[in-house]
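Each value in this text was obtained by applying a stated rule to the coordinates, not by laboratory testing. In this text, all values refer to a predicted model and were calculated from it rather than measured experimentally. Cβ atoms come from the backbone with ideal geometry, glycine included; neighbour counts cover every protein chain shown.
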Amino acid sequence: MHRRDVDRLDPARDYWVPAVVSPRRDWAAAPGCRRGARYLVDSRTRAVTRDEFETFDCELSCRRWIRQNQAALARDLPGAEVRAVPLGRWLLGLE
C-alpha cells in the first residue's frame, strides 16, 4: 500500500504496521536520518519506509510477522527494535 492510499482504508477498523525508530544519526538502514526518526517497515523488503508499506488486520498477525522475521530484521535494521503499532496513531505521530 502507498501512503497516499490510506484514505481508502476502512476508518472503522484498526490496521497494524511494523514500525521502528532510528537508534542513531545516519543509521545504516536509513542513511542521512536523524536519531529518533520514525519509519515503517515494508514487510516485503524488510526496509524502512514512510511511503510504501503493508498493513496487518490485527496486532497479533503483525507481531507474528515480526517474530518470524526477527533474524532478518536484526540484520537489516541493526540496533533498532521493531514494534507493532496502530497505523492511525503512527500517522498522527503518536507512536
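Phi-derived couplings, Karplus 6.51 cos²θ - 1.76 cosθ + 1.60 at θ = phi - 60°, listed residue by residue for segment 65-71: 4, 4, 5, 5, 10, 4, 5 Hz, with x used for Gly and Pro. The stretch between ASP5 and ARG83 holds 25.8 nm of extra length on full extension. This uses 0.36 nm per residue minus the Cα-Cα distance. For the chain, averaging the sequence separation of C-alpha pairs within contact (under 8 Å, six or more residues apart) and dividing by the residue count gives a relative contact order of 34 percent. If the segment from ARG24 to ASP51 were pulled out straight at 0.36 nm per residue, it would be longer than the present Cα-Cα gap by 7.6 nm. Net charge of the neighbourhood of GLN70, taken over other residues with C-beta under 15 Å away and scored Lys/Arg +1, Asp/Glu -1, is +4.
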